[in-house]
Amino acid sequence: MRRLTPALALGLAALVPAPSAALATDHPTGHDTRAVRDSFGTKASYAPQRNPGTYQRPPAGFVPVFTENVSRHGSRAATDGEDGDLILALWQQAESEGQLTRKGREFGPRVRALEAAMARTGYGNLSGRGEQEIAGTAVRMERRLPGLFRRIAQNGEKIDVVSSGQGRAVDSGNLFATTLGTTDPALKPLIGPARADKHLLYFHKAAGGAAYRDYVDHDQRLADTLKTLTDQPATHRAARSVLRGLFKPGFVQRITDGDFASTGTDVQAAQAVYNLYAIAPAMSEESPDGRGWGMERYISRGDAAWFGYLSDVEDFYEKGPGFAGSDITYKMADVLLDDFFRQAEAKRDGTSDLGAELRFTHAEEIIPLAALMKLPGSTQGVTAEKPYTYADNAWRGASVAPMAANVQWDVFRKGDTYLVRMLYNERETPFKAGCHPIAKGSKFYDLKELERCFNRS
């Protein structure tokens, strides 16, 4: 993976990631902007959700004494080349038979170039855009809390960096730490060696996720619900619509009839196109002109929105709020929430020499944590009779867990009182219903009140 240079790190102080290729090309406004972003699901690129100048000031006399976060890794290349292989196999067959549309003729070379760029980056590795996202969050954290980081440097407090142990999370943690040390050199010797904790930050694959894995693999209600929601006429209509943009009608019909079943069905082929569309913004820095790959040319907004919804369906039921009355998808995130409390309490109790705890993980951990904490958009489960739809549920992968999504707790002290402020994707965010802030409308909560609200003994 490429390493961020000190000069680039220093230039990221006001970094806000550029719009995705689709956003830049289509120029949507208002509701359309949200709809286009939603179509990328959890592959949506990161953008901070609030200008720091709008944050509430802590109450008089309170000073920051600790910060902790958990962050998803930054934007990355696709985890493998299966989508490109599938659609290019059909494309080559259509080319040999003269069955490509005008757009279809340009599609193949563009996909080959995108796949080559991802192979050079390394499948699953951070892209240039991902590096910018992570470095930007590091710079903005330091700028939001200058008093805290001065205190850390003056007192020689430590900064702990921990990840899931998986490549892109490890790289994100190292890059975040490097950027902090470059932005404020006094912090560099205080940043401890990065460590890995699978139990804490890859819990869906650790011992604590055993019941969850059994649910995903064997729960019949889940399997039936996913099949009902994905294998419906609207999906096949959208698939044919996508394929008609690339292939002539007769060839599309042959795909639909199963003539190329060994390669893929009509839905699988269209999903491959969608997946390339969804990952392309993450690879914008690696495009020939650095502006994007133009994959939105090959899928309409409506079709992208439908396949984005289907992506959200899977994530909602397998990682998010899921079925009402069941916590199987998110109970395992308690280990991470517990660590947030444990670190804040250790600071209060004088048993910690840390000034910051920085964690780096994956969507499979951020999504359950959001549901467990009932963060905005992650409060509502569904029933089998009334399944998840955009019309009556606020959950959206692009908002809950985009690339580089993050949750941050800042701890402030005055005497023996400790207050906590939460940021979710850099927006001041209230804790769940039933947790009472220090005053109506305040984003600050007494740590003791949060312990009560979250039933910590």
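The values are calculated or read from the model by the stated rules, or taken from the named source; none is laboratory data. Keep in mind that this is a model prediction, so the values were computed, not measured. All Cβ positions, even for glycine, are placed from backbone atoms using ideal geometry, and neighbour counts span all protein chains on display. For the accessible areas, the whole protein counts, side chains as well, though only heavy atoms, and no ligand, DNA or RNA atoms are used. Shrake-Rupley method; radii C 1.70, N 1.55, O 1.52, S 1.80 Å.
Quick look at the numbers
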| item | result |
| --- | --- |
| Anisotropy class of the range 275-429 from Cα gyration tensor, a/c 1.5 cut | oblate |
| Average accessible surface area per residue within the range 108-170, 1.4 Å rolling probe, Å² | 33 |
| Partners for K414 among lysines (Cα-Cα distance below 17 Å; same-chain residues under 8 apart left out) | K347, K443, K448 |
| Stretch gain in nm, segment V216-S96, where the contour uses 0.36 nm per residue and the Cα spacing is subtracted | 39.1 nm |
| Distance violations [Cα-Cα > 23 Å] among K319/K374; K374/K440; K227/K331 | K227/K331 |
| Charge sum, other residues only, whose C-beta stays under 14 Å from L200's C-beta, Lys/Arg counted +1 and Asp/Glu -1 | -4 |
| Positive-end residue of Q92, G322, G397, charge dipole of the chain with Cβ unit charges | G397 |
| By average C-beta atoms within 10 angstrom, highest first, the peptides 175-183, 329-337 | 175-183, 329-337 |
| Portion, in percent, of the accessible area of the range 28-137 that falls on carbon or sulfur, probe 1.4 Å | 47 |
| Surface share of carbon and sulfur [accessible, 1.4 angstrom probe, percent] for the range 141-227 | 49 |
| Convex hull volume per residue in cubic angstrom - Cα atoms of the range 229-322 | 123 |
| P(r) weight above 22 Å for the range 146-283, C-alpha pairs, percent | 66 |
| Accessible area per residue, Å², the range 374-457 with all protein chains present, probe 1.4 Å | 43 |
| Gained length - T265 relative to E345, 0.36 nm times residue gap less alpha-carbon distance | 23.4 nm |
| Simple label model, 7 Å out from Cα along Cβ direction - S300 to R151, nm | 5.7 |
| Alpha-carbon Rg/Rh ratio, for the chain, with Rh computed the Kirkwood way | 0.99 |
| DSSP bridge orientation in the chain - percent antiparallel, rounded to nearest 5 | 60 |
| Net dipole in debye of the range 371-416 [+1 Lys, Arg Cβ; -1 Asp, Glu Cβ; about Cα centre; nearest 20] | 100 |
| Carbon/sulfur fraction of accessible area - the range 297-389, other protein chains in place, 1.4 Å, % | 48 |
